[in-house]
1. Extension gain residue 136-residue 99, at 0.36 nm per residue separation less the Cα-Cα distance, in nm?
2. Evaluate the stretch 42-168: find the radius of gyration of its Cα atoms, find its Kirkwood radius, and give the ratio Rg to Rh.
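Quick note: the coordinates plus some simple rules give every number you see, no bench work behind them. Everything quoted here is computed from the prediction, not taken from an experiment.
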C-alpha cells in the first residue's frame, strides 16, 4: 500500500515553509511514515491506500493512521476523513450501479430495435455515445450537487487538520 498525499498536507507544508520551521520538522516526519520500508502491513501508525479500487465505486480506500498517542483533535480529523470517504464511496457506488443498469437497458433496447437491419451483437462507440450524453444530461444536477457538497466537506477538514498540526 502507498502513502497518500492530499491537499491538506500540501497546504500545511506550504504554511510550514513560510515562517514556521518548527512545524516543518513534524510535517516531514509525518510525511515520511511508510516510505522508510520498515512498516509492516499491520502497522496502524501509517496511512495506507488500497492497491486496487472498489469493484463498483472504483475508489481506492485509505486506511488512516492511528497514532499511538492520538489526541482528541487528531482523532476528530481521522474520523472526519473516514466519514468523508464513506460518503464519497456511497455516492459513487449508487451512481455507477445506476449507470451500469441504464447502460445495459439501453444496449438491450437498441439491439432489439435494429430497424430491419441485420442482427448486431454489439453497439458502436457512436451509438453508445448517445447513451453517455443522455446519462450525463439527465444526471447533471445530481453531479453538480455532489461537486458542491464535495468542496464543502473537504473544506471542513482544513480547520481540524490545521489544529492537529499544532497539537503534535
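1. That pair, residue 136 and residue 99, stretches by 12.4 nm at full extension.
2. Rg/Rh: 1.18.
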